[in-house]
1. Please go through (1) surrounded by fewer than 19 Cβ atoms within 10 Å (Cβ to Cβ); (2) over 23 Å from the mean Cα position of the chain (by Cα); (3) not aromatic (Phe, Trp, Tyr) for ASN183 and return the number of the only condition it doesn't satisfy.
2. Considering segment 330-365 alone, what residues qualify as being within 26 Å of the chain's Cα centre (by Cα) and among the hydrophobic types (A, V, I, L, M, F, W, C)?
3. What residue, among those in segment 278-327 that are under 13 Å from LYS337 (Cα atoms) and surrounded by fewer than 21 Cβ atoms within 10 Å (Cβ to Cβ), is farthest from the chain's Cα centre (by Cα)?
4. Does ALA218 fit the bill of being more than 23 Å from the chain's Cα centre (by Cα), in the same structural domain as LEU311 (by TED's automatic domain parsing) and not in a loop (DSSP other than H, G, I, E, B)?
5. Among the residues that make up segment 61-68, is at least one of them among the hydrophobic types (A, V, I, L, M, F, W, C), crowded, with 23+ Cβ neighbours inside 10 Å and in a loop (DSSP other than H, G, I, E, B)?
6. With the structure loaded, tell me whether SER180 is in the same structural domain as ARG31 (by TED's automatic domain parsing), touching a residue at least 24 places away in the same chain (Cβ under 8 Å) and either in contact with an Asp or Glu (Cβ under 7 Å, 6 or more places away or on another chain) or in a helix (DSSP H, G or I) (or both) or whether it fails that test.
7. For segment 73-151, give me every one of the strands (runs of 3 or more DSSP E) that falls completely inside it and has 2 or more residues that are over 24 Å from GLU168 (Cβ atoms) and touching a Phe, Trp or Tyr at 6+ places or on another chain (Cβ under 8 Å).
8. Out of all the residues in segment 84-110, which are over 22 Å from the mean Cα position of the chain (by Cα), under 20 Å from ALA54 (Cα atoms) and buried (at least 18 other Cβ atoms within 10 Å of the Cβ)?
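The values are calculated or read from the model by the stated rules, or taken from the named source; none is laboratory data. Note that this is a predicted model, so its numbers are computed, not measured. For neighbour counting, all protein chains shown are included, and Cβ atoms are generated from backbone atoms with ideal geometry for every residue, glycine included.
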Amino acid sequence: MISVLHPNRIVKVGLSLTGSKSITNRLLILRSIYPSLKIKNKSESQDSVVLENALKSSSNIKDIDHAGTSMRFLTAFYSILENKEIIIKGSKRMHERPIYPLIDCLKLIGADISYLEKDGYPPIKIKGKKLNFRKVQISSNVSSQFVSAILLVAPKLIGGLVIELKGELISKPYIEMTLSLLNDLGIKTSFKGKLITVENLEKIKQKHIYVESDWSSASYWYSIVALSDGAEVRLNNFYKDSIQGDSVLTKYYKTLGVETKFTQNKIILTKLKDFTLPQQLNLNLIDSPDLAQTIAVTCFGLKINCSLDGLQTLNIKETKRLNALENELKKLGANVKVTETSLNLFEVKKIKKNIKINTYDDHRMAMSFAPLSLKIPIFIQNPSVVAKSYPKFWDDLKKAGFIIKPI
């Protein structure tokens with residue numbers, strides 16, 4: 001456990017954040033399919049390290065621990081790897097997270113996959129084989145990673161693939177990110193209505209891709225600026241035309257008094273002076289649910305009402321995030337109500353000090369609550385969990401003047 005506080009609430013710092021985890025993980029799969037792809041500025045996240053190590057390992061047992069993206073992407077990848085028999089397993093929580101929508105779809109195109117314990121859930125055994133073209137349907141209202149997993153291997157299917165999305169489409173920007181990366185490699189795709197088409201491409205020309213820094217990691221700095229009494233935060237390697245869906249946070253946090261200036265592939269965040277906060281923030285986060293915890297905590301710290309919808313994927317993440325968020329906010333004195341798809345936070349007059357925040361083995365719980373230390377001293381349990389996506393988070397906070405002490 002650590003204590004976190006800031007002595008004067010004024011933040012001035014320049015940082016280079018790790019490469020995007022989402023982009024890196026997609027590129028690692030694509031590099032395994034097309035070895036002429038070269039990747040620079042890869043994510044330093046534990047998730048990306050786990051995925052890269054699994055791809056490099058000669059073992060036929062892949063233990064991906066908590067890495068949900070690895071579970072999904074590797075399932076599709078090893079399905080097309082001929083003459084390979086692979087077992088993929090993970091943590092106890094990973095074995096509670098459903099994977100059947102992906103596997104049902106892969107089986108429709110000929111994949112040989114079996115469940116080793118509970119039907120529909122990891123661990124699984126895969127016998128890789130050459131798969132053929134088909135038009136298939138997949139549920140798009142559980143996790144966009146199921147769709148992206150199939151899209152990443154689709155170019156190697158004989159004849160390519162046509163996917164029809166069924167149900168409400170969630171996290172659409174992540175599907176568009178996957179298609180954009182395929183396009184960068186010269187793979188032809190189309191996305192019209194609920195139909196996605198990917199054409200076959202056996203080889204690509206040599207390609208170098210420099211990974212943009214991670215917008216999800218930047219979100220905590222937006223929260224820090226919003227909760228500060230004054231700030232100037234410079235973050236390197238961010239683009240105005242980003243393919244990362246979480247870049248929408250520039251719009252959301254402008255509503256909370258944070259200005260973003262793009263200059264020479266970096267962003268400069270400042271707190272707007274003489275800014276009047278809204279009485280309530282209403283957002284549908286169906287395209288960017290990973291921002292929910294950060295935004296909710298920011299609104300709580302600013303003592304404004306907040307209504308967040310489109311959160312149906314959060315309870316199949318590292319933890320049941322909506323329940324975890326509700327529990328910890330209430331400990332701090334919040335009046336908050338959650339459903340399966342939404343969170344409603346009501347203004348409070350006082351925030352309780354010196355509360356121990358349980359992180360539930362969830363990196364985003366630790367990082368979303370840390371900025372509250374600009375308002376009150378706070379304790380974070382199991383702080384090392386941030387390694388999953390942002391290993392240098394606590395070091396970067398120290399550079400910004402936060403005082404962090406082990407307890």
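1. (2)
2. LEU332, ALA334, VAL336, VAL338, LEU343, LEU345, ILE357, MET365
3. Applying the filter and picking the extreme gives ASN305.
4. no
5. Yes, there is a match, as at least one residue in segment 61-68 is among the hydrophobic types (A, V, I, L, M, F, W, C), crowded, with 23+ Cβ neighbours inside 10 Å and in a loop (DSSP other than H, G, I, E, B).
6. Yes; evaluated as a whole, the condition is true for this residue.
7. Values: elements: 85-89, 112-115, 124-127, 135-139.
Per the criteria, 85-89, 124-127.
8. Initial filter on segment 84-110 (over 22 Å from the mean Cα position of the chain (by Cα)): 84-87, 104-110.
Filter once more, keeping what is under 20 Å from ALA54 (Cα atoms): 84-87.
If the condition is that a residue be over 22 Å from the mean Cα position of the chain (by Cα), under 20 Å from ALA54 (Cα atoms) and buried (at least 18 other Cβ atoms within 10 Å of the Cβ), then ILE86 is the only one that fits.
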